[in-house]
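First comes the structure, then the notes that go with it.
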Amino acid sequence: MKCIISRDGKTIILCEVANHVYAERVIYALNPTLMAKGYKLTYYFEGSPQISEGGMIITLKLSRGLSDEDRKFVKKLAELNGYVVVEE
């Protein structure tokens with residue numbers, strides 16, 4: 001599984017998600033935390049949570065770019081849940 005954070009910090013993409021539980025853990029932690037800090041989130045879901053199909057892709061669009069502190073939080077949260085984090 002991979003977590004991609006865009007350079008401008010306005011997009012977070014969770015790729016190759018093999019199971020809804022892995023997605024749920026990250027989303028349930030990210031959503032209230034980022035919303036409390038004033039971010040507005042829009043979610044896009046693609047694919048299916050099957051490894052043979054390439055996994056599910058979840059794209060989070062944020063109303064503004066992540067601050068350095070929030071970027072570190074997202075990165076650490078994703079890593080703790082088994083994602084490889086890539087910053088592009």
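Things worth noting here:
- Taken one residue at a time, the phi angles of region 21-38 give Karplus couplings (6.51, -1.76, 1.60, θ = phi - 60°) of 5, 5, 5, 4, 4, 6, 5, 5, 8, 5, 3, x, 5, 6, 5, 5, 8, x Hz. Gly and Pro are set to x.
- Label selected from [x] 13.4; [y] 12.8; [z] 14.3, the criterion being Kirkwood radius over Cα pairs in Å as computed here: [y]
- Comparing ALA78, ALA36, ALA23 in a Gaussian network model of the chain (Cα springs below 10 Å), the most mobile by mean-square fluctuation is ALA36.
- Among the trypsin sites (Lys or Arg not before Pro) in the chain, those placed in a DSSP loop whose Cβ has at most 16 other Cβ atoms within 10 Å are ARG7, LYS10, LYS37, LYS40, ARG64.
- Net charge in the neighbourhood of VAL74 (other residues with Cβ under 15 Å of its Cβ; Lys, Arg +1, Asp, Glu -1) is +4.
- In this structure, the amide hydrogen of LYS10, modeled 1.01 Å from its nitrogen in the peptide plane, lies closer than 5 angstrom to those of LEU66, counting only residues at least 5 positions away or on a different chain.
- Here the simple spin-label model places points 7 Å from the Cα toward Cβ, and for LYS10 and THR42 these points are separated by 1.0 nm.
Every number here is computed from the coordinates shown, using simple stated rules; none is lab data. A quick note: this is a predicted structure, and the numbers were derived from the prediction, not measured. Here the Cβ is made from the backbone with ideal geometry for all residues, glycine too, and neighbour counts use every protein chain on show.
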